[in-house]
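This report concerns only the one structure given below.
The values are calculated or read from the model by the stated rules, or taken from the named source; none is laboratory data. From a predicted model like this one, the values you see are computed outputs, not experimental measurements. Here the Cβ is made from the backbone with ideal geometry for all residues, glycine too, and neighbour counts use every protein chain on show. Please note that ligands, DNA and RNA were not included when accessible areas were found on the heavy atoms of the full protein model with its side chains. Shrake-Rupley method; radii C 1.70, N 1.55, O 1.52, S 1.80 Å.
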There are 2 protein chains.
Amino acid sequence: MEQQEAERQDERNVEPPAEEQRSDELRQYDEVASAFVERFAADMTEAGMQRMAARIFACLLSSEDGSLSSAQLAERLRVSPAAVSGAVRYLSQVHMVSREREPGSRRELYRVHENVWHEALVDRDRILGRWAKTLRTGEASIGPDTPAGRRIRETCDFLEFMQQELSQMLERWRAHRASRDAHEAPRDG
Amino acid sequence: MEQQEAERQDERNVEPPAEEQRSDELRQYDEVASAFVERFAADMTEAGMQRMAARIFACLLSSEDGSLSSAQLAERLRVSPAAVSGAVRYLSQVHMVSREREPGSRRELYRVHENVWHEALVDRDRILGRWAKTLRTGEASIGPDTPAGRRIRETCDFLEFMQQELSQMLERWRAHRASRDAHEAPRDG
DNA sequence: CGCTTCTTTCAGAAATTTGTGAAGTTGCAG
DNA sequence: CTGCAACTTCACAAATTTCTGAAAGAAGCG
């Protein structure tokens with residue numbers, strides 16, 4: 001229920017012309033990853049996510065080992081460290097990215113949580129809970145026996161139903177993935 | 001995965017002091033419904049929905065028979081008809097509100113779709129589909145056998161799993177509701 | 001037909017969000 | 001303890017979104 005106006009950022013900074021020559025590591029990144037990052041970030045943005053947060057998340061997702069430092073992100077996305085900092089804070093708050101410290105270094109690594117989607121759905125669950133609470137209160141104050149009250153209750157019932165289903169779905173996903181992995185990679189175990 | 005900064009609009013125009021005296025119909029509205037509308041709208045806004053759209057949706061949801069005219073909405077929410085018009089257009093696009101014409105009148109009624117949530121989830125399904133498509137393309141271009149490729153595929157697999165589950169969930173909801181209604185209101189059948 | 005009523009469209013003002021540069025903070029290292 | 005490297009915070013600038021007033025567009029009614 002919360003996608004935005006559809007299009008918004010089509011041709012953004014997806015400029016391939018590698019100005020002078022950036023760090024070696026980036027050569028490969030510029031080639032293909034950037035295209036994916038910007039496109040997937042656009043999808044997420046359209047669905048209501050903050051743009052910079054979406055870009056950073058996509059960038060981490062498509063990175064070699066799922067984690068990058070602030071400086072690396074700033075370089076790849078061509079934005080200031082400040083922008084990275086702000087977006088990462090947001091992503092941490094919603095449990096999509098975790099921060100870790102490289103032992104003997106001042107570098108901090110941001111990593112996509114292994115089960116991002118699990119985390120994301122837990123948050124979603126929290127949101128649904130808040131909505132349900134508001135709706136129950138509203139139903140009571142408006143009057144449970146009025147048409148409006150009934151309509152609100154119906155909505156609330158649905159949300160609570162969905163909340164239950166959500167956790168069961170995650171259960172099934174874990175099972176699904178487990179059996180899939182057992183089948184596809186029977187070696188090693 | 002797309003809730004916003006948490007707080008944003010706490011004390012907005014929830015002013016109870018009824019200026020001079022507005023239309024009779026509004027007396028009751030101002031009392032309690034407005035509080036609910038603004039609060040639920042805030043919840044939805046925090047989850048990423050456009051503010052005005054959220055307010056209008058909440059207002060319709062808590063209205064006597066689930067439908068109001070542009071003028072009524074403008075009056076209740078204290079905004080210009082123009083703002084209503086824009087938000088309603090958005091709500092129509094995402095299938096949360098439908099417009100209907102009162103037969104012998106120039107009035108147009110906006111109505112919350114009977115199964116708003118069904119509609120909303122269908123849209124959600126569409127979004128997931130788009131994401132999955134982007135991810136598949138990305139997986140291919142980045143390389144299915146790279147760590148990043150595998151991570152992207154995992155994400156995609158999950159989304160597609162969720163897409164399937166979504167429709168099954170709606171099925172179960174219909175069953176759930178049907179049995180509930182049959183139990184709670186066995187008369188009339 | 002033209003008047004009246006209700007809604008939409010459009011240009012622009014206001015408010016909000018987003019991103020930057022610069023200064024500040026933290027912590028390793030010599 | 002001084003220096004440096006990496007990240008964060010802050011004030012401000014830019015871009016975007018959101019809402020309004022005014023004018024135009026429909027549609028019933030006399």
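Looking at the range A:166-182 only, could you name the residues that are open to solvent by less than 60 Å² (accessible area, probe 1.4 Å) and either touching a helix residue (DSSP H, G or I) at 6+ places or on another chain (Cβ under 7 Å) or touching a residue at least 12 places away in the same chain (Cβ under 8 Å) (or both)?
A:Leu166, A:Met169, A:Leu170, A:Trp173
Looking at the structure I just gave you, is B:Glu64 among the charged types (D, E, K, R) and modelled with pLDDT under 95?
So B:Glu64 passes the test.
List every residue pair whose Cβ atoms sit under 9 Å apart, with the two residues 6 or more apart in sequence or on different chains, where the first one lies in the range B:93-115 and is within 11 Å of another protein chain (Cβ to nearest Cβ) and open to solvent by less than 70 Å² (accessible area, probe 1.4 Å) and the second, anywhere, is at pLDDT below 90 and within 14 Å of DNA strand C (Cβ to nearest atom).
Within 9 Å, the pairs are B:Val94/A:Glu2.
Would you check if A:Met52 is under 11 Å from the mean Cα position of the chain (by Cα) and either farther than 21 Å from A:Gln93 by Cβ or at pLDDT 65 or above (or both)?
Taking the combined requirement at face value, the residue does not satisfy it.
Search the range B:59-78 for residues that are within 19 Å of A:Glu139 (Cα to Cα) and pair each with any residue that is in a strand (DSSP E or B) and away from DNA strand C (no atom under 13 Å from the Cβ) when their beta-carbon atoms are under 7 Å apart and the residues are at least 6 apart or on different chains.
B:Leu60/B:Val112; B:Leu61/B:Val112; B:Gly66/B:Val112
For the range B:77-96, does any single residue satisfy the condition of being in contact with an Asp or Glu (Cβ under 6 Å, 6 or more places away or on another chain) and either away from DNA strand D (no atom under 16 Å from the Cβ) or on the phi < 0 side of the Ramachandran plot (or both)?
Yes, because at least one residue in the range B:77-96 is in contact with an Asp or Glu (Cβ under 6 Å, 6 or more places away or on another chain) and either away from DNA strand D (no atom under 16 Å from the Cβ) or on the phi < 0 side of the Ramachandran plot (or both).
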